[in-house]
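Just so you know, all these numbers are worked out from the coordinates, no wet-lab data involved. Predicted model only: the values in this text are computed from it and were never measured. Cβ placement follows ideal geometry from the backbone for every residue including glycine, while neighbour counts extend to all protein chains displayed.
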Amino acid sequence: MDPLLYIAVILAGAAAGFVNTLAGSGSAITLPLLVFLGLPANVANGTNRIGVLMQTSVSSSTFYRAGLTDAKSALKLLAPTVLGALVGAAIAVDLNEQNMRRAIGAMLVLTFFLLILRPQRWLKGRPEGARPVAIRDLFIFFLIGIYGGFIQAGVGIFLLVALVMDIGYDLVKANAIKPVLVFVFNVFALVVFMWNGQVNWILGLLLGVGNIAGAWTAARMAIKPGAQVWVYRFLLVVVVFSAVRMFLA
């Protein structure tokens, strides 16, 4: 492969790592590139998980050291999310990709309205603080895990919606929990893809180099005082772009 393409993979990984850490849908950058480079869609999906793992390991540790991670809630949400991811990664039915994209696009449109109709919820969380994890949350995160295990792209946005609108975190604290969940469930999802021989390690590790750089930069920016406002605006842009892309793909 042309050395310039290796550089392109690293740069794409950096962009995806930045977007994923602050919002989600960074895989909308990397998955098309991997397919363009000749990987079958299922191999691209598996290969992408390597970069996601490297990226979330960096962002998780950065947020944790800053004291923003609610480890107790994260641990409670891990089991249903991981179980869902295993189900999603193992799905072998023939799904209509076009209809799936439209459904995801519709969910992103709903997310956009949730963002603009209740901005203070995203910026400050629930006035009384985030509530304890309830039974219904386990079901919600199980469903999100299925989606994340199946395709990954956009799962960060849906995790943020659940963490902010359902449990009551502000956007920055939700972004601190999100990479913990994504890291752990992708460990299990990657095993499924590896078992089926659907991982290209060279391209995956190159992506990971870029993912780490993007994730570290984004996490360092997000922990600064007053970051909620610009992270909120960035999330709005990502949601709109992702929804449009899903409908036009």
For n ≥ 4 DSSP H runs only, could you compute -39500 (n - 2.57) per run for the chain, divide by its residues and tell me the 222 nm figure to the nearest 500? -26500 deg cm²/dmol
Could you tell me which helices of the chain pass both thresholds, a Cα extent of 24 Å or more along their own axis and a mean Kyte-Doolittle hydropathy of at least -1.0, with helices taken as whole DSSP H runs? 3-22, 41-65, 71-90, 97-117, 171-195, 201-222, 227-248
Can you tell me the FRET efficiency between Ile7 and Leu248 if r is taken as the Cβ-Cβ distance and R0 is 30 Å, rounded to the nearest 0.05? 0.60
